[in-house]
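To start, the structure itself, in structure tokens.
The values are calculated or read from the model by the stated rules, or taken from the named source; none is laboratory data. Computed from a predicted structure; not experimentally measured. Here the Cβ positions follow ideal geometry from the backbone for every residue, glycine too, while neighbour counts run over all protein chains shown.
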Amino acid sequence: MATAQITVSHPLATPNGSQPSSTEAPTISLLGPNATAASVRLDVSAPFSAIPSLQQSLAGHGLKDVLDFFNTLTTEYVPSILSTLSIIAGADFTPAHSTYNMNFRLCDYNPVTAASGSLNGCGAHTDYGTFTIIFQDGTPGLELEDASATGSWVPVAGDATVVLTGWCAVILSGGRIAAARHRVRRTPGVRRLSAVLFIAPDLDVTLRPLGGIQPIRPFSETVMRGDIDTGVFKEVMGKRWRYREGNEEMEGHEIGTQDDEIAKLIWA
Ligand SMILES: O=C(O)CCC(=O)C(=O)O
Ligand SMILES: [Fe+2]
């Protein structure tokens, strides 16, 4: 998989910018009874209608279009998704996200760069941050693990836009929000594009259940002592990123290694 990633080091948009009105709030529906992902209807189109137009726009001055797309997403939808998560968690997520610590990623699952015949686009993993919004170009491949049946994968429709929760949401919510494990499968010879926005807590935020939350499952002493902040956690997660990039097979026992490591770190 080829990815272009843009790390936002200055706030393109801040929570104090344009706040969505209630009529602009995204329609969010859970994908299943044990879902850790939601299907959303957002009033913004992904920056690609066809692969050639994406290529043209990125080759020329089109990066601006891509940034405009992510910026719209940020100002219009990130605050309301944070509010929704706050309601589910029972504590306000917004103050821990005051700097908008975001990454934008464009993924190109391109047959030219993939091992021929490999079905692995992006190995099974859980994102480290608070939540992720994934836009797809209509090509299926994204799959979610059934939260109640480890190792059982549920395909997501290729034209769905999904919001997935990550490890930081699990910790801040005291386990009230579960994280969505996911992977991308390839169809050999078929190209797939996705545009992904990741939002994490501010880098200096201590990762432990937010004040007032009674954890529903005991966390490790390391977490409860406040030893881990977002920056440290990102380091731990980043270590194994290369296994997810799709150029290496990640089958059998290798699947889940990254998540197992995080689980050991955060749970008692
Ligand atoms: O390409 C996708 O649909 C998902 C990519 C993904 O899970 C990631 O970049 O963390
Ligand atoms: Fe992911």
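In table form, for the structure just shown:
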read-out	value
Verdict on Arg105 being surrounded by fewer than 21 Cβ atoms within 10 Å (Cβ to Cβ) and either of a type in the set (Val, Ile, Thr) or over 14 Å from Phe198 (Cα atoms) (or both)	no
Filter result for Ile199 (touching a strand residue (DSSP E or B) at 6+ places or on another chain (Cβ under 6 Å) and closer than 16 Å to Phe131 by Cα)	yes
Odd one out for Ala178, checked against (1) within 12 Å of ligand 1 (Cβ to nearest atom); (2) touching a Ser or Thr at 6+ places or on another chain (Cβ under 7 Å)	(1)
Search result, residues across region 163-175 that are touching a Phe, Trp or Tyr at 6+ places or on another chain (Cβ under 6 Å) and within 10 Å of ligand 1 (Cβ to nearest atom)	Gly166
Where Ile88 falls short, out of the listed (1) in contact with a Phe, Trp or Tyr (Cβ under 8 Å, 6 or more places away or on another chain); (2) surrounded by fewer than 18 Cβ atoms within 10 Å (Cβ to Cβ)	(1)
The listed residue being closer than 24 Å to Pro95 by Cβ, surrounded by fewer than 19 Cβ atoms within 10 Å (Cβ to Cβ) and at pLDDT 95 or above, out of Gly231, Gly226, Gly212	Gly226
Residue that is nearest to ligand 1 (Cβ to nearest atom) [pool: residues in region 188-207 that are of a type outside the set (A, V, I, L, M, F, W, C) and over 12 Å from Phe93 (Cα atoms)]	Ser194
Counted residues, region 93-130 - those being in a loop (DSSP other than H, G, I, E, B), in contact with a helix residue (DSSP H, G or I) (Cβ under 8 Å, 6 or more places away or on another chain) and either farther than 20 Å from Ala179 by Cβ or within 16 Å of ligand 2 (Cβ to nearest atom) (or both)	6
Residue check, Met237 within 14 Å of ligand 1 (Cβ to nearest atom), of a type in the set (A, V, I, L, M, F, W, C) and more than 25 Å from Thr72 (Cβ to Cβ)	yes
Failed condition for Trp241, given (1) modelled with pLDDT of 75 or more; (2) closer than 16 Å to Arg181 by Cβ; (3) surrounded by fewer than 19 Cβ atoms within 10 Å (Cβ to Cβ)	(1)
Residues of region 156-197 classified as within 13 Å of ligand 2 (Cβ to nearest atom) and in a loop (DSSP other than H, G, I, E, B), total	5
